[in-house]
Amino acid sequence: MSRKIIELKNLTKSYNGTKAVDNINLFIRENEFITLLGPSGCGKTTTLRMIGGFENPDSGDILFEGVRINDLPPYKRNINTIFQRYALFTHMNVYENIAFGLRIKKTPKDEMDRRIKKMLKLVELEGFEKRHVDSLSGGQQQRVAIARALVNEPKVLLLDEPLAALDLKLRKEMQIELMDMQKNVGITFIYVTHDQEEALTMSDTVVVMNNGVIQQVGSPVDIYNEPKNRFVADFIGESNILEGVMIEDYLVEFAGKKFKCVDKGFQHNEPVDVVIRPEDIDVTRREDGLLEGVVTSVVFKGVHYEMLVESNGFEYMIHSTDMQEVGSEVGLTFGPEDIHVMKREVTEIEKQG
Amino acid sequence: MVGRTIKRIYIGIIFLFLYAPILVLIIYSFNESKSRGHWGGFTLKWYGELFRDPDIIKALYYTFIVALLSSLISTVIGTFAAIGIHNMGLFGKKIVLNINYLPVLNPDIVTGVALMTLFVSVNMRLGFLTMLISHVMFNIPYVILSVLPKLRQMNRHMAEAALDLGATPFYAMRKVVIPEIMPGVVTGALMAFTLSVDDFVISFFNTGSGVTNLSIVIYSMARRGIKPSINALSTIMLLTVAVLLLVINKRTAKGDELIP
Ligand SMILES: Nc1ncnc2c1ncn2[C@@H]1O[C@H](COP(=O)(O)OP(=O)(O)O)[C@@H](O)[C@H]1O
Ligand SMILES: [Mg+2]
């Protein structure tokens, strides 16, 4: 395991009395591709801006290679940022944009030329030196912004929804390019997005946030397969979330029945949330199912059918390549490993009541 | 068809009202005969006479110097004020903007008398310096109003991007923010220059010790009776201001509203 390059300790930031970031603790390892994921307004940008030095935390510490950098201005941090809308300098051409950081460091002309050339090659914009940035497409501007940051060889690159303004096809291409670049240049990427698919595709580590609080930190596979709570399960893709009771280790009750599962470590008869992914449920003949129900809707989604099956007052979403007629009676099965048991979230209303 | 003709006639009449006095003035500035209402043939002698009149040459000099200095000073002050206003919180911004509008909407005579009262109360002798200060004063709001839209158009994170790349705040201001808003700054400077050349009322109250500008000269000449050389001088000023306005208009035509 490589060493920690950035640590956030009890970081809190409020705007007008509302906490945008609420007591965050997180560490980021060297060369990691880490993504802050969460719905709009959950505090991702605020967290990133505190790391970059553009916002001061109300309390808590930011450590860079073990040294507290709370009071270091942005221009003294060995961190560069790709801003949400690129923020290219529109009165300069592509070359001058990329040269900006190098000129400040008084880089000799020949070295500057060499490094800029290398960067333009990396972002596939060779020959674009003299172009005016206004004349570039969104994707090209994006790549200039990346080159402008990377040419300074920062230890950490912050990216705030860098692909949000691009269309779907270009976004997919840029995702792959960014991942390749990160591998090639060996820089720590701290990436912000509200797009769960993007986060799961690109990252080594995903940090799910909601209301300024970290909900879960883990690898994309962990986050997807073992969501820690209802919010994460719901945010990371479509899910069936049921209320249940953990009878004992490896035995959970929901939908009026008891099921074997692989989870343990709960109290006896503790109320829990149970998640079953739509693609983990198999449709069988009625008499072969663990549960039985009636198909209420079928939509073809290109690769699979998305079906809703009503059983005992709950609508299960199921992804399957087999089509069932609406109105047909079916059985549903799933294995113990398909059942994900999570601690029950105390919701705001319950807290107040 | 009829509607369109009527529209055209209507507009024609309006322009006639607006421009007839100016047109008459320009025509008479080339009139050989000294008496009005009588065309004595084409001449440029009144223009020649202007440049032999030492009072007018002096006034021309002061007009130009005051316009140049006041537009430069007010551009510098106004630009930094605009940057400050732009970075203020929403509430403070509203208040300051309204305070900024006040001198724009205030009648010149009130501004002029107010400034004079101020100068007299601090025992400043009215003259070149007081006129210059008063011009700087009334120019600043216009510079602010022409720079602010450029700041608003600028990407919110432009300055931060410069800091991010290692620029000190001063370097970021010099190399990024100022160049990005330069078109607005130049427009503001041109506007300040124009307003300064154009001003009569405020200058009238805030000068003394024999320092006059062209509009004051025209005023005092007119009081002594209309000489044809006034027409010539007025024509020159009119054309100067018209050219400046055209330039400003061209610069702001690209969707940059001066008054938001
Ligand atoms: N400069 C600011 N002034 C006031 N409130 C802000 C400011 N920046 C962010 N906020 C608030 O803080 C919360 C978190 O914002 P942000 O970090 O931008 O979220 P995200 O990037 O996850 O969408 C939001 O409720 C937002 O309205
Ligand atoms: Mg954001």
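Nothing in this text is a laboratory measurement; each read-out follows from the coordinates by a stated rule. Worth saying up front: this structure is predicted, and the values here are computed from it rather than measured. Neighbour counts run over all protein chains shown; Cβ positions are idealised from the backbone, glycine included.
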Checklist entry - Just how large is the dipole of segment A:4-225 about the Cα centre, in debye to the nearest 20, putting +1 at every Lys and Arg Cβ and -1 at every Asp and Glu Cβ? => result 700
Checklist entry - residue A:168 to residue A:121: FRET efficiency via 1/(1 + (r/R0)^6), r the Cβ-Cβ distance, R0 45 Å, to the nearest 0.05? => result 0.95
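Pop the C-beta distance of residue A:264 and residue A:242 into the FRET formula with R0 = 22 Å and round what comes out to the nearest 0.05. If you can, show how the numbers build up before the last one.
Details: r = 19 Å, r/R0 = 0.86.
Here the calculated transfer efficiency is 0.70.
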Item to check | All aspartates and glutamates inside 15 Å of residue A:19 as judged from Cα atoms, apart from same-chain residues fewer than 8 positions distant | outcome: A:55, A:58
Item to check | Among A:254, A:27, A:300, residue whose mean-square fluctuation peaks in a GNM of chain A (springs only between Cα atoms under 10 Å) | outcome: A:300
Next on the checklist: Rounded, prolate or oblate, given the Cα gyration tensor of chain A, with a/c below 1.5 counting as rounded?
Outcome noted: prolate
Checklist entry - What's the extension gain from residue A:337 to residue A:250 if we count 0.36 nm per residue and subtract their Cα-Cα distance? => result 30.3 nm
Item to check | Residue among A:318, A:284, A:299 farthest towards the positive dipole end of segment A:282-333, charges placed on Cβ | outcome: A:299
Item to check | For peptides A:288-296, B:204-212, A:301-309, sequence by mean Cβ density within 10 Å, most packed first | outcome: B:204-212, A:288-296, A:301-309
Checklist entry - What aspartates and glutamates could a cross-link reach from residue A:260, if we take a straight Cα to Cα line under 16 Å and drop same-chain neighbours fewer than 8 places away? => result A:243, A:248, A:249, A:270, A:273, A:280, A:337, A:338
Next on the checklist: Which one, B:239, B:105, B:190, has the greatest fluctuation when you compute a Gaussian network model over chain B with C-alpha springs under 10 angstrom?
Outcome noted: B:105
Item to check | Semi-axis lengths (Å, descending) of the ellipsoid that matches the C-alpha gyration tensor of chain B | outcome: 39, 26, 17
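Summarise the partner chain shielding of A:83-90 as one whole number: the mean count of Cβ atoms from other chains within 10 Å of each residue's Cβ. Please list the in-between numbers first.
Values: counts 7, 3, 4, 4, 11, 3, 9, 7.
If you average over the peptide's residues, the count of other-chain Cβ atoms is 6.
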Checklist entry - What percentage of all Cα-Cα pairs in segment B:1-108 are separated by more than 20 Å? => result 72
Checklist entry - Given only helices, namely DSSP H runs of n ≥ 4 each adding -39500 (n - 2.57), what is the per-residue ellipticity at 222 nm of chain B, to the nearest 500 deg cm²/dmol? => result -25000 deg cm²/dmol
Item to check | Cα principal axis extents for segment B:205-246, largest first, Å | outcome: 34, 25, 12
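Report the full-extension gain for the segment residue B:26 to residue B:156: residue separation times 0.36 nm, less the Cα-Cα distance, to one decimal in nm.
Full extension of this stretch gives 41.9 nm more.
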Item to check | Positive-end residue of A:268, A:15, B:44, charge dipole of the protein assembly as shown with Cβ unit charges | outcome: B:44
Checklist outcome for this item: The size of the Cβ-based charge dipole (Lys, Arg +1; Asp, Glu -1) of the protein assembly as shown about the Cα centre, to the nearest 20 debye, is 4940
Next on the checklist: Restricted to Cα positions, what overall size does the protein assembly as shown have along the principal axes? Three whole-Å values, descending.
Outcome noted: 117, 69, 55
Checklist entry - Going highest first, how would you order A:5-14, B:41-50 by mean Cβ packing within 10 Å? => result A:5-14, B:41-50
Checklist outcome for this item: So the FRET efficiency between residue A:279 and residue B:98, C-beta based with R0 = 51 Å and rounded to 0.05, is 0.30
Item to check | Charge dipole (chain B, unit charges on Cβ, about Cα centre) - positive-most of B:54, B:65, B:206 | outcome: B:54
Checklist entry - For the cross-link pairs A:13/B:93; A:9/A:264; A:121/B:150; B:34/B:58; A:76/B:175, which exceed 28 Å when the distance is taken from alpha carbon to alpha carbon? => result A:9/A:264; A:121/B:150
